[in-house]
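Read-outs: derived from the displayed coordinates by stated rules, not from any lab. In this text, all values refer to a predicted model and were calculated from it rather than measured experimentally. Cβ placement follows ideal geometry from the backbone for every residue including glycine, while neighbour counts extend to all protein chains displayed.
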Amino acid sequence: MIDLRSDTLTQPTPGMRRAMAEAVVGDEQKREDPTVIALEERAAELLGQEEAVYLPTATMGNQIALRLLTEPGDELLVEARAHIYRYELGGPAVHAGLALKPLATEDGRLTPEQVRAAVNPPRDLHMAPTRVLALENTHNGGGGRVWALDRYRAVVAEARGHGLAVHLDGARLLNASVAAGVRAAEYGREADTVTLCLSKGLGCPLGALVATSRELAPKARRLKHLFGGAMRQAGIVAAAGLYALDHHVDRLADDHANARRLVEGLAEAGMPVDPAQVESNFVLLDVGSLGLDPDGAVARLRAEGVLLSFASKPGVLRAVTHLDVSEADVDAAVPAIARALSGREAPVAVGLDAPTPY
Ligand SMILES: Cc1ncc(COP(=O)(O)O)c(C=O)c1O
């Protein structure tokens, strides 16, 4: 099987496993784990912030950040297909008591005008005070889209003009950084809080960071504990994070090159893809335009040995390149996808070991 469902599927490499086995550890909850502390210091600098807090997941990072920047009853502006809005189970409402205002875009990137129009009039006593803007880079739901630094800064400046705090969901910020040729800190320092995920393209088994100012960091640590995220000998996994920052950042360019190779191969094979929209490690396939429903298309693909996942747009599937996808995998995936979706192959299988013709 060529598994292109997500970059969360990466397996720790032998080198990463060695680094984990050799990690010097301590009680992280007591701030006595030197490996966690080293990772936090490194991440703070990387993300253009003063401190960073090591966490199990990026979802926890986003939720801590929003809680940090707001009070219950405040309003959050967020793109309508952002992870924070769509895939965190309503967490901003549950954990921070926020009202959410989703703003629709084609590709995940808001405009300053959208932000301006969305801010509630500050003197209107009947409306939730708009307090925070959350941005995502790369934007998962938009198809791995990368913010140009100028556009990003313009949107942040608009938010600041209205007194808003800014959170950056940079789960894949290093993909954005590598793709745009912009240091992650350039994006990160514009925000009040930044989340980075280690368990996606960076290849760690788990782990994330939320970075912020020295002033807000103690509260971020308190919220981490409150949310049940304070750990013990977490240096075992933090060592994977340090290893990833040393060895797996520059190579994200390979994933992006593989995504480009994939989309160009698929375009040449007449598949419904748009090479112009591929900016990092995601390729979107509009199977709806072939008259296929996504479930059926996934089953056909599986029968040809390729796994894809649903994208957040209806009728669209997603292929994601990562550490465990080689150029040879891409070259094998292109004809397999074309066979599966061209409709010339019949019958197709549903499920791995229980083929059901339909
Ligand atoms: C943009 C974005 N933010 C946050 C997350 C959450 O990451 P985690 O699974 O570590 O909670 C994801 C996961 O896919 C994501 O794509």
Practice item. Round to the nearest 0.05 the FRET efficiency obtained for E264 and S213 when R0 = 35 Å and r is the Cβ-Cβ distance. Key: 0.20
Exercise for review: Just tell me which aspartates and glutamates come within less than 13 Å, Cα to Cα, of K219; anything on the same chain fewer than 8 places away is out.
Suggested key: E51
Point to revise | Efficiency of FRET between L125 and K313 - r from beta-carbon atoms, R0 30 angstrom, step 0.05 | key: 0.20
Check your understanding: Between D293 and D250, what length comes free when the chain is fully extended (0.36 nm per residue of separation minus the Cα-Cα distance, one decimal in nm)?
Key -> 11.8 nm
Point to revise | D_trans [Stokes-Einstein, Kirkwood Rh over alpha-carbon pairs] for region 1-128, 25 °C, 0.890 mPa s, µm² s⁻¹ | key: 136 µm²/s
Revision key, fill the gap. Once Lys and Arg are counted +1 and Asp and Glu -1 for all other residues with Cβ under 12 Å from that of P275, the total becomes -2
**Study point:** trypsin sites (Lys or Arg not before Pro) lying in DSSP loop within region 96-149, provided at most 11 other Cβ fall within 10 Å
**Key:** R123
Study note, to complete from the structure: Per the chain, sqrt(5λ) over the Cα gyration tensor eigenvalues, sorted largest first, in Å, gives 35, 26, 18
Review point. Applying the Karplus parametrisation 6.51 cos²θ - 1.76 cosθ + 1.60 with θ = phi - 60° to the phi angles of region 128-144, what ³J(HN,Hα) value in whole Hz is obtained for each residue in order, glycine and proline being reported as x?
Key: 4, x, 6, 10, 9, 10, 10, 10, 10, 8, 5, 9, 4, x, x, x, x
Check your understanding: So which aspartates and glutamates pass the test for K200, namely a Cα distance under 13 Å, with those fewer than 8 places away in the same chain ruled out?
Key -> D7, D255, D324
Review point. With each pseudo-label sitting 7 Å past Cα toward Cβ, what's the R222-Q114 distance in nm, one decimal?
Key: 3.5 nm
**Study point:** MRE, 222 nm, helices only [DSSP H, n ≥ 4, -39500 (n - 2.57), over the chain, to nearest 500]
**Key:** -11500 deg cm²/dmol
Check your understanding: Full extension from L206 to D274: what is 0.36 nm times the residue separation minus their Cα-Cα distance, to one decimal in nm?
Key -> 21.3 nm
